[in-house]
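Here is the structure we will look at.
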Amino acid sequence: MTTLVQTAPVRVHVDSVHNPENIPPVFSRRDVMKHCDETSCWIIVEDKVYDVTRFLDLHPGGSEIIMECAGSEASAAFWDKGHSRHAIRMLDQYYIGQLKPDPKLG
C-alpha cells in the first residue's frame, strides 16, 4: 500500500539562487529616480534603496507623504518624523539594495 503525503511547495528566494554570496544589488541615483510614482515608488534612506510601492496605501500618514520623496533621498524626511522602532524595522521588508556611491560627493 502506497501512502501519498502532500507537502507545501518549497519557496526559494530567487536572488539567493542567482546571488549565492547574498550581495545586495547596487542602484545609482538615476536608477532610483525612475521609480517615482504610485506604480513603482523607491526611496533612499541612509544609502539603502527601498521599494515602498506596496506600502503606499498602508502608510498611516497617507501615501502623499511618501510620494514627496519618491525616486529620491528620503533620510531626513524619515528621521525627522520620529518614526517608532516598529516603523524602522518595517523598512527591512522593503529593502531592495544599496545606493551606488557617488564619487562626486567625495
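Things worth noting here:
- Ordering of 27-39, 47-59 by burial proxy (mean other Cβ atoms within 10 Å per residue, highest first): 47-59, 27-39
- Computed over the stretch 47-106, the range of Cα coordinates on each principal axis works out to 36, 21, 20 Å, biggest value leading.
- The residues of the stretch 54-106 expose, per residue, 72 Å² of accessible area to a 1.4 Å probe.
- Contour minus Cα-Cα distance for E46 and R89 (0.36 nm per residue): 14.1 nm
- In order along the stretch 57-72, the phi-based Karplus estimate (6.51 cos²θ - 1.76 cosθ + 1.60, θ = phi - 60°) of 3J(HN,Hα) comes to 6, 9, 5, x, x, x, 5, 4, 5, 5, 4, 4, 10, 4, x, 8 Hz; Gly and Pro are listed as x.
- 20 Å Cα-Cα reach of K100 towards aspartates and glutamates, excluding residues that sit fewer than 8 places from it in its own chain: D15, E21, D31, E46, D47, D51, E73, D92
The values are calculated or read from the model by the stated rules, or taken from the named source; none is laboratory data. Predicted, not measured: the structure shown is a model, and the values here were computed from it. So basically every Cβ, Gly included, is an ideal-geometry build from the backbone, and we count neighbours across all protein chains shown. The accessibility values were calculated without ligands, DNA or RNA, using every heavy atom of the protein model including side chains. Shrake-Rupley method; radii C 1.70, N 1.55, O 1.52, S 1.80 Å.
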